Amino acid sequence: MIYKKKHITINLIYHFCMKIDYSKILKNNMINVFKDVLKIIEKNGLTEGHHLYITFKTNFKGVIVPGWLKDKFPNEMTIIMQYEYWNFRVTKDYFNITLSFDDIKSDLKIPFNSVISFADPYANFGLKLINNEINQKKIKKFQEKKSNNKKIDYKQNNIIDFNKFKKN
């Protein structure tokens, strides 16, 4: 019995000492908002004037689009979900939809993690989902800039250097 308590205590300490990944938490919640919107549409259809603009990465793992569309949009693509869509289904990790492009019906499978943004202009609502790839590039660029410029111009960055006012 003592071992079990000790094990639980160690696990609790480990979990509290872990770094909190706010970006990941925020992205998951924003994706859940998007999923909830799609589930409502799946159940009730698009009502009133609602329509969605959905931008996603076409080169993301798990995205399935016809080859000719992928050739036309190799990195990202925006689809409009409004009047004509078929075979719409929402799952835990992705959604399927058939849309018409130049009068050619095309089946799409779009994982939620590939979605960059979505908007409903009728509701004046939209979300830009956090893209960790872009965030990592910004962090790397900032770190490189910081290492290249050891001395930071604090006035330019609106940061006050309190060391200047410190008595020795």
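The values are calculated or read from the model by the stated rules, or taken from the named source; none is laboratory data. Bear in mind the structure is a predicted one, so any value in this text is a computation, not a measurement. A quick note on method: Cβ atoms are made from the backbone with ideal geometry, for glycine too, and the neighbour counts reach across all protein chains shown.
Summary table
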{"item": "Residue check, TYR122 surrounded by fewer than 17 Cβ atoms within 10 Å (Cβ to Cβ) and either touching a residue at least 24 places away in the same chain (Cβ under 8 Å) or under 18 Å from LYS43 (Cβ atoms) (or both)", "result": "yes"}
{"item": "Residues of the range 33-61 satisfying the condition of being loosely packed, with under 12 Cβ neighbours inside 10 Å and within 16 Å of LEU129 (Cα to Cα)", "result": "ASP36"}
{"item": "Residue match in the range 62-83 (condition: part of a loop (DSSP other than H, G, I, E, B), at pLDDT 90 or above, surrounded by 12 or more Cβ atoms within 10 Å (Cβ to Cβ) and aromatic (Phe, Trp, Tyr))", "result": "yes"}
